[in-house]
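The next block holds one structure in the form of structure tokens; read it before the comments.
Bear in mind that the values in this text are calculations on the coordinates, not laboratory data. Only a predicted model underlies this, so the values are computations on that prediction, with no experimental measurement involved. Positions of Cβ are backbone-derived with ideal geometry, glycine not excepted, and every protein chain shown enters the neighbour counts.
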Amino acid sequence: MLNSLRLILFAALLSPLLAAAQGAAPAPFEDSMAQRSMACTHCHGVQGRAGPDGYYPRIAGKPAGYLYNQLLNFKEGRRHYGAMTQLLDPLSERYLLEIAQYFAALQAPYPPPLATRASPVLLERGRQLALQGDAARQLPACTQCHGQRLTGVLPQVPGLLGLPRDYLNAQLGAWRNGKRRAHAPDCMASIAKGLADQDIEAISSYLAAQPMPADSRPLAAPTVSPAKAQAQECGGAAAAVSTR
């Protein structure tokens, strides 16, 4: 009789524990790109909208060609960040393209820009460099490659708006110092080497302070002749600015 009471009491105590354990069972694994890309959003924010620290950039809505090339650059050593390299090293190029296409298709809204502490003089200098360039120094405007709205150009040119100032500073500095590279013709490296520290600060402060236009999508690539396309590459782009 005593043993029976003990068994009943034990069962009564155990039943709530078993029920709680069953209620806390993990949900079935969702084999989707959204689930698998959580390794990316851990740093780049929910839906790739950017990390909260001002360094990890937004990747949602960037052109798929650009994202794919950057994944390859990290994997092949043209860009340097240990965590990215380790994450991408075992992945195939085909899978990297799938990741790029997934994030490119996400059209999540942009938050308003953070208030800037840059002086009006610095912001005006940044505006001139971004929108007009500096012909005397053979510096093309950012709009010449990144589109008149600065939201990028398909299939491979990224937008410059909606990015944190610290990230823009870091990337322009990396281009200038050779820490970030691309396949030839490495236009950004050529341009960045012509920028002084104050130029970089002005450009990044101006770009980070700009609101996104109503249509934040990258522009469609313009149709140009092969000769014109060749003339627009790097030195040709700077030369075109100098004759305006």
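Tabulated data for the structure shown
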{"quantity": "Loop-located trypsin sites (Lys or Arg not before Pro) in segment 106-194 whose Cβ has at most 15 other Cβ within 10 Å (DSSP)", "calculated": "R117, K179, K193"}
{"quantity": "Overall form of segment 101-174 per C-alpha gyration tensor (a/c, 1.5; a/b vs b/c)", "calculated": "oblate"}
{"quantity": "Ascending count of other beta-carbon atoms within 10 Å, so fewest first, for E98, E76, E201", "calculated": "E76, E98, E201"}
{"quantity": "Relative exposure of V157, V121, judged by other C-beta atoms within 10 Å (fewest first)", "calculated": "V121, V157"}
{"quantity": "Cβ charges +1 (Lys, Arg) and -1 (Asp, Glu), total dipole of segment 58-106, debye", "calculated": "180 debye"}
{"quantity": "Residues with amide H under 5 Å from that of V157, placed H, sequence gap 5 or more", "calculated": "none"}
{"quantity": "Where the Cα pairs of segment 17-168 fall when distances are cut into 10 Å bins, in %", "calculated": "10, 31, 30, 17, 7, 3, 1, 0"}
